[in-house]
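One structure below.
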Amino acid sequence: LNSCNLGYDIGVNTNAAPLVQSDLELTDIQLEIFVGAINLFAMFGALSSQHFTDQFGRRKTFLIAAFSFIIGSGIQSIAQSYMVLMFGRVFVGLAVGVGLAIDPLYISEMSPAAHRGELVTWAEIALQLGIVFGFSTGMIFSGVPDETAWRYMFGCGIFMPALMIFLSSFIMPETPRWLVVNDRENEARRVLAKIYPEGYDIEPVIDDIKEAVRREIMAEQNVGWDVILFPTPAFKRILFVGLGIAISQQAVGIDAIQYFLVYILDETGIRSRDAQSAVLMFIGVVKLVCIIIAGKLLDLKGRRPLFFISLCGIAGSCLVMSINFYGSSYSASFAVFGLSLYMAFFALGMGPGGWLVPAEVFPTCIRAK
């Protein structure tokens, strides 16, 4: 649900951005700052997430992100000026950063290793489902005047965080690892008893967690942030792989393409709000189906082969789109094909793998950091 909420913010901005620009009479630069600022604020949210997850626990961090989403979405939906709009964007961006950091961390600490790849991929599936929901708002509010429609779109972003607050408060358990770290082993046993089959001996699992935590606490005490700022050769390789994949996931241009899909479609001649919403939902469903397929393939075929296939496909689809926009006439169907191809190949590897691999390769002493 948290990932679905994050995805909704991406999808709804794709539809709302042109309407916001028209209603508030924003310049292109102001619009670009509004759209891109979420990633800047998300960086600060991700950096602060380490303090929240270690100090308050993984479950309460979900609460913090959800409350920030509600505040930000509410402010954006009632904004009458660019400055107020950007003020709401700060809260949404911080929530996105915290939410993206806590999702794979929570899943990796709650799930057995054999199912971790598929479960992290389910988070990516939920993210994409949220994007489809966000795309659908263009069609849902197609009959509403432009100056009101975008406010409804942002306002609808309050509902999923509210449900997330309920789940985090009353249903979701804290992770066994965090409980063990904070000397709450009995609670960790109760959580593990719910995760593993009835009658499963969870004492070896507790012992493994305690031993891993002991080694990692020793490493933390000995090196602290130095393990990141001044890493040993072994940690350099770990950081290179984990951070490199995370950076590559964004460097392929996924956010830029998703946020400005409406403008790309507009350039090809698809200018009707209903037609644009239909194309957005089609592209979103294509990406969703490919992510579901990737959930199985990541565990069956491994992470590395899918990364290579994904990156080659992304490069090819970008070439297809570039060829389409070369010259004076553009083909709408060719553009939709290229965009669908891009989303499909991204979903097969770089999408889910970009969250899975860093959660796997980083030891606990630096995972939250």
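The values are calculated or read from the model by the stated rules, or taken from the named source; none is laboratory data. Note that the structure is a prediction, hence the values are computed from the model and not measured. FYI the Cβ positions are ideal-geometry reconstructions off the backbone, even for glycines, and counts take in every protein chain you see. Side chains included, ligands, DNA and RNA excluded: accessible areas come from the protein's heavy atoms. Shrake-Rupley method; radii C 1.70, N 1.55, O 1.52, S 1.80 Å.
Expressed as a whole percent, the accessible area of the chain that falls on carbon and sulfur atoms is 67 (1.4 Å probe).
Residues in the stretch 1-59 average 40 Å² of solvent-accessible surface per residue, probe 1.4 Å, ligands and nucleic acids excluded. Normalised by the number of residues in the stretch 223-343, the mean separation of alpha-carbon contacts (under 8 Å, six or more apart) gives a relative contact order of 29 percent. Computed from label points 7 Å out along Cα-Cβ, the spacing between D266 and D201 is 6.5 nm. Against the chain, whose longest principal axis comes from its Cα atoms, helix 113-140 is set at around 30 degrees. With a threshold of 26 Å on the Cα-Cα distance, the over-threshold entries among K60/K210; K236/K296; K60/K296 are K236/K296; K60/K296. 3J(HN,Hα) couplings calculated from phi for the stretch 273-288 with the Karplus curve 6.51 cos²θ - 1.76 cosθ + 1.60 (θ = phi - 60°) are, in sequence order, 4, 5, 5, 4, 5, 5, 5, 4, 5, 4, 4, x, 5, 4, 5, 4 Hz; Gly and Pro show x.
Short to long, the 10 Å bins of the Cα pair-distance histogram for the stretch 55-178 hold 12, 37, 33, 14, 4, 0 percent of all pairs.
Please state the shape class of the chain: rounded when a/c is under 1.5, otherwise prolate if a/b exceeds b/c and oblate if not, all from the C-alpha gyration tensor. Note, shape of the chain comes out prolate. A simple count of charges around Y330, restricted to other residues whose Cβ falls under 12 Å of its Cβ and scoring Lys, Arg +1 and Asp, Glu -1, yields -2.
Is the stretch 297-350 rounded, prolate or oblate when judged by the Cα gyration tensor, a ≥ b ≥ c being the square roots of its eigenvalues, rounded requiring a/c under 1.5 and prolate requiring a/b larger than b/c? Prolate, since a/c reaches 1.5 and a/b exceeds b/c.
State which stretch of the chain is the longest one without any exposed GluC sites (Glu not before Pro), exposure meaning a DSSP loop state and at most 14 other Cβ atoms within 10 Å. Counting at most 14 other Cβ atoms within 10 Å as exposed, the longest clean stretch of the chain is 26-197. Rounded to the nearest 10 degrees, the inclination of helix 28-56 to the longest alpha-carbon principal axis of the chain is 10 degrees. Take the stretch 207-346 with all the other protein chains still there, run a 1.4 Å probe, and you get 55 Å² of accessible area per residue. Accessible area per residue (1.4 Å probe, heavy atoms of protein chains only) ranks W178, W122, W355 as W122, W355, W178, with the largest value leading. Applying both filters, DSSP loop and at most 14 other Cβ atoms within 10 Å, to the trypsin sites (Lys or Arg not before Pro) of the stretch 263-337 gives R271.
Highest average first, the peptides 304-311, 233-240 ordered by how many other beta carbon atoms sit within 10 Å of their residues are 304-311, 233-240.
Annotation: M218 carries an accessible surface of approximately 90 Å², with a 1.4 Å probe and no ligand, DNA or RNA atoms counted.
Convex hull volume of the Cα atoms of the stretch 141-199, normalised per residue: 127 Å³.
In straight-distance terms, cross-link reach from K194 covers every one of the aspartates and glutamates whose alpha-carbon lies under 15 Å from its own, apart from those fewer than eight places away in the same chain; here that gives E109, E174, E185, E203. Helix 185-195 sits at what angle to the longest principal axis of the chain, using alpha carbons and giving 0 to 90 degrees rounded to 10? Relative to the chain, helix 185-195 is tipped by roughly 50 degrees. At 4 °C and 1.567 mPa s, grab the translational diffusion coefficient of the stretch 1-63 from Stokes-Einstein with a Kirkwood Rh over Cα pairs, rounded to a whole number in µm² per second. D, rounded to a whole number, is 95 µm²/s.
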